[in-house]
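Colleague: Got a structure for you, questions after.
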Amino acid sequence: MLKNMKRFDKFLQKAGIKNSFGYDFYFENYIFNGINLENKEILDLGGGNGIASFHALNKCSSCNCFVVDPIEEGSNKLMVAQFNEMKKNFKPGRIFYHRDFIDTLDNHLKFDIVLMHNSINHIGEDIIDEIEFNKHKYQEYLSRIDTITKRLKKDGLLIIADCGSKNFWNNLNLKDPFAPSIDWSLHKEPEIWRKMIEEIGHQHIDTYWTSRKEFGKLGKLLFANRFLSYFIGRHFVSKFIKI
């Protein structure tokens, strides 16, 4: 465990993660803000190199993480290498990697927290653009989310972070200069996800908007709101509890 949380960004940089500045502030103030991680089992779905999980491990010495992502080692050697490099800094048994889909994970594994950090749209990119007007596609997507949330223990916490579909640049048919590679058609507003997740028996706790990680405290003060986030990516965090 790192002695100083402010060293987390340097820790990431050492592992080969570019543009690591601001991640510590971002995870501390947006993703895990107000969450007690003590003795929690965390499922990091679509976790990639495990960056969110490693922040949790560093924040709390008694939690454990399970990263699930079907990335292929041959096609993304850098991400796998980054995970393995960061893993060296923590005790064995605190973090695991399941390089496959969630439905192949041991059915007996249940979690206190399920984190879908920029991944809820990835579980249904083949149908996501139709879920608002096609009932069959809507139910199919709902089923996929339900498969994931069944991994939660009672009173478990679901955290979703993603970009909304409506923003200044997309509405003008221009590339967002802050996120030029994003396909906005593969994203939905938080109200869509809330409706679906409440439908499968989870209570909405809170939804709030974030600012870019590089902007730090000033960004949180000025841009972490629904209006100004419209111009810088429309990124939000929603939290639900399983009832």
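Colleague: Could you give the C-alpha radius of gyration of the range 124-243 expressed as a fraction of 2.2 N^0.38 Å, taking N as the number of residues it contains?
Modeller: Relative to the rule-of-thumb radius for its length, the range 124-243 sits at 1.13.
Colleague: How far, in nm, would the chain grow between residue 100 and residue 21 when pulled straight, counting 0.36 nm per residue and subtracting the alpha carbon separation?
Modeller: 25.5 nm
Colleague: Given 39, 123, 108, which one lies farthest toward the positive end of the charge dipole of the chain, if we put +1 on the Cβ of every Lys and Arg and -1 on the Cβ of every Asp and Glu?
Modeller: Farthest along the dipole direction, towards plus: 39.
Colleague: Starting from the Cα-Cα distance between residue 132 and residue 173, subtract it from 0.36 nm times their residue separation and give me the gain in nm to one decimal.
Modeller: Additional length available on full extension: 12.7 nm.
Colleague: Using R₀ = 45 Å, calculate the FRET efficiency as 1/(1 + (r/R₀)^6) where r is the Cβ-Cβ separation of residue 107 and residue 14; round to 0.05.
Modeller: Efficiency computed from Cβ-Cβ geometry: 0.75.
Colleague: In whole angstrom, note down how far apart the Cα centers of the range 193-232 and the range 74-127 are.
Modeller: 23
Colleague: Principal axis extents for the chain, Cα atoms only, whole Å, descending order, please.
Modeller: Extents along the principal axes: 48, 42, 37 Å.
Colleague: Something else now. What lysines sit close enough to residue 59 to cross-link, taking a C-alpha to C-alpha distance under 17 Å and skipping anything fewer than 8 places away on the same chain?
Modeller: 3, 6, 10, 40, 87, 88, 91
Colleague: Report, as a whole number in µm² per second, the diffusion coefficient that Stokes-Einstein gives for the range 1-117 at 10 °C and 1.306 mPa s using the Kirkwood radius over alpha carbon pairs. Write down the numbers at each step before the final one.
Modeller: Numbers: Rh = 14.4 Å.
Answer, rounded: 110 µm²/s.
Colleague: Quick one: pull the percent of accessible area on the chain belonging to carbon and sulfur, 1.4 Å probe, ligands and nucleic acids left out.
Modeller: Of the solvent-accessible surface of the chain, carbon and sulfur hold 53 percent.
Colleague: Taking only protein heavy atoms into account and a 1.4 Å probe, give the accessible area per residue of the chain in Å². Could the numbers behind the result be given before it?
Modeller: Working: 12510 Å² over 243 residues.
Here the residues of the chain average 51 Å² of exposed surface.
Colleague: Oh, and also: Cross-link partners among aspartates and glutamates for residue 188, C-alpha distance below 20 Å, same-chain residues fewer than 8 apart left out?
Modeller: Correct list for residue 188: 125, 126, 129, 130, 132, 140, 146, 162, 176, 198, 199, 206.
Colleague: In addition: Nothing charged except the Cβ atoms of Lys and Arg (+1) and of Asp and Glu (-1): what's the magnitude of the dipole of the chain about its Cα centre? Round to the nearest 20 debye.
Modeller: For the chain, the charge dipole is close to 1080 debye.
The values are calculated or read from the model by the stated rules, or taken from the named source; none is laboratory data. Quick caveat: nothing in here was measured; it's all calculated off a predicted structure. In this analysis, Cβ positions are derived from the backbone assuming ideal geometry, glycine residues included, and neighbour counts consider all displayed protein chains. To get the accessible areas, we keep the full protein, side chains included, count just its heavy atoms, and leave off ligands, DNA and RNA. Shrake-Rupley method; radii C 1.70, N 1.55, O 1.52, S 1.80 Å.
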